[in-house]
Amino acid sequence: MIYSRNRRLRSNETVRSLVRESGLFVNDFVMPVFVMEGENKEEAISSMPGIFRRSVDLTVKECKELFSLGVKAVNLYMKVSEHLKDNTGKEAWNKDGLMQQTIKAIKNAVPEMVVMPDVALDPYSIYGHDGIIENGKIANDATNHALARMSVSLAEAGADIVAPSDMMDGRVLVIREALEENGFHDVGILSYSAKYASSFYGPFRSALDSAPRDNGDIPKDKKTYQMDFHNSREALNEVLKDVDEGADIIMIKPGLPYLDIVSKVREAIDLPIAVYNVSGEYAMVKAAAQNGWLDNDQTIIESLTCFKRAGADMIFTYFAKEAAILLNK
């Protein structure tokens, strides 16, 4: 005789919803946004159907629409003109730079939108690396000082939270000290603590033309500073160091192939955890859906819910707008 039947709690949607362990909500989402120079310009990103590079004015328009749907945070990335790139990244802290203009425009138009600009040098680098090159290597400490200057500049422009994605050692502390010294006590740091050297970033790098470039003895990939995808204990080491240095939110990137890392980190810390549903993950779903191999809407919701089930508090995702529309139905 069978007395215990798990299927009793799956008998209909009402019962299933009553015992549901994880929920997905529009205010879980952060939308990554690509910005380009110009006015009234929009360029489709071929490897990411439905995602665009936009000029500042159209970016503001998009932010207004996102906020009306309930997506209340954006993560900003700039497509930097080639003539502004060098090995110092100095355009990153230009008070009149494209990133700074964009932050000001968004905060002026949608003051309650939480603006989280990316902090890294790769869009500004002639080498496509997240750091300054010295003697053929990425110089950790020199890069940290550049990232601190960038963070202060972005805070001055009105950023709510800065998001260092570079994976230099010790940069959270250097950035926190710089923000404090300049009076930005309330500007948060969302640290990409466990960012893996992943093949899932391809569409993103093509969108910003920020892939490492082949320049002789300079590293042709980011494996000397981003994490080895074979490792998980190392992720906890990285996370705990960033917590100690003053991070307010911890990021794990990529997302779906790294749900085990999200779960392990959730067990180890009490800080909010963000996870990045990266460009390659987005592109795979879109390609499969366009070929009729997956149901687009159901796969989006299932994928994003998996992050919450694993322990994430917020999700950086290119599906944010589309998912918001689905959830608002």
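The values are calculated or read from the model by the stated rules, or taken from the named source; none is laboratory data. All figures in this text were calculated on a predicted structure; none of them were measured in a lab. Reconstructed Cβ throughout: ideal geometry from the backbone, glycine too, with neighbour counts over all protein chains shown. Note: accessible area is taken over every heavy atom of the protein model, side chains too, but ligands, DNA and RNA are not part of it. Shrake-Rupley method; radii C 1.70, N 1.55, O 1.52, S 1.80 Å.
Provide a single number: the residues in segment 306-321 that are open to solvent by 40 Å² or more (accessible area, probe 1.4 Å) and more than 17 Å from the chain's Cα centre (by Cα).
Total meeting the criteria: 1.
Within segment 115-154, count every residue that is assigned to a loop (DSSP other than H, G, I, E, B), free of Cβ contacts under 8 Å to residues at least 60 places away in the same chain and touching a Pro at 6+ places or on another chain (Cβ under 9 Å). First the steps, then the outcome.
Of the residues in segment 115-154, the ones assigned to a loop (DSSP other than H, G, I, E, B) are 120-121, 126-131, 135-136.
Within this subset, residues satisfying the condition of being free of Cβ contacts under 8 Å to residues at least 60 places away in the same chain are 120-121, 135.
Subset that is touching a Pro at 6+ places or on another chain (Cβ under 9 Å): 120.
The qualifying residues number 1.
Every residue in segment 24-40 that is at negative phi, open to solvent by less than 80 Å² (accessible area, probe 1.4 Å) and not β-branched (Val, Ile, Thr), please.
First, the residues of segment 24-40 that are at negative phi: 24-37, 39.
Checking the rest, the ones that are also open to solvent by less than 80 Å² (accessible area, probe 1.4 Å) come to 24, 26, 28-37.
Scanning segment 24-40 gives LEU24, ASP28, PHE29, MET31, PRO32, PHE34, MET36, GLU37.
Note down all Cβ pairs under 7 Å where the first residue falls in segment 192-208 and is on the phi > 0 side of the Ramachandran plot and part of a helix (DSSP H, G or I), the second is surrounded by fewer than 22 Cβ atoms within 10 Å (Cβ to Cβ) and among the aliphatic types (A, V, I, L, M), and they're at least six residues apart or on different chains.
So the pair list comes out empty.
For segment 213-234, which residues satisfy the criterion of being at pLDDT 75 or above and either hydrophobic (A, V, I, L, M, F, W, C) or closer than 17 Å to ALA120 by Cβ (or both)? Walk me through how you get there before you give the answer.
Restricting attention to segment 213-234, the residues satisfying the condition of being at pLDDT 75 or above are 217-234.
Across segment 213-234, the qualifying residues are ILE218, PRO219, ASP221, LYS222, LYS223, THR224, TYR225, GLN226, MET227, PHE229.
Consider segment 79-119. How many of its residues are of a type in the set (A, V, I, L, M) and either at pLDDT below 95 or more than 20 Å from the chain's Cα centre (by Cα) (or both)? First the steps, then the outcome.
The first filter runs over segment 79-119 and keeps only residues of a type in the set (A, V, I, L, M), leaving 80, 84, 92, 98-99, 103, 105-106, 109-110, 113-116, 119.
Now narrow it down to the ones that are either at pLDDT below 95 or more than 20 Å from the chain's Cα centre (by Cα) (or both): 80, 84, 105, 109-110.
Final tally of qualifying residues: 5.
Within segment 51-87, how many residues turn out to be of a type outside the set (A, V, I, L, M, F, W, C), open to solvent by less than 60 Å² (accessible area, probe 1.4 Å) and part of a loop (DSSP other than H, G, I, E, B)?
Let us first name the residues in segment 51-87 that are of a type outside the set (A, V, I, L, M, F, W, C), namely 53-55, 57, 59, 61-62, 64-65, 68, 70, 72, 75, 77, 79, 81-83, 85-87.
Subset that is open to solvent by less than 60 Å² (accessible area, probe 1.4 Å): 53-55, 59, 62, 70, 75, 77, 81, 85-87.
When the remaining residues are screened for being part of a loop (DSSP other than H, G, I, E, B), the result is 55, 70, 81, 85, 87.
Qualifying residue count for the region: 5.
Could you tell me whether any residue of segment 248-257 is among the acidic types (Asp, Glu) and in contact with a Pro (Cβ under 9 Å, 6 or more places away or on another chain)?
So the first thing to find is which residues in segment 248-257 are among the acidic types (Asp, Glu), and the list is 248.
Filter once more, so that each one left must be in contact with a Pro (Cβ under 9 Å, 6 or more places away or on another chain): 248.
Yes, there is a match, as at least one residue in segment 248-257 is among the acidic types (Asp, Glu) and in contact with a Pro (Cβ under 9 Å, 6 or more places away or on another chain).
So, of the residues in segment 130-184 that are of a type in the set (Lys, Arg) and under 21 Å from the mean Cα position of the chain (by Cα), which turns out to be least open to solvent (accessible area, probe 1.4 Å)?
ARG171
Open to solvent by less than 40 Å² (accessible area, probe 1.4 Å) and more than 18 Å from the chain's Cα centre (by Cα): which single residue out of LYS264, LYS286, LYS241, LYS220 fits that description? Even if it seems obvious, please write down each step before you answer.
Values: LYS264 fails: open to solvent by less than 40 Å² (accessible area, probe 1.4 Å); LYS241 fails: open to solvent by less than 40 Å² (accessible area, probe 1.4 Å); LYS220 fails: open to solvent by less than 40 Å² (accessible area, probe 1.4 Å).
Just one listed residue meets the conditions, LYS286.
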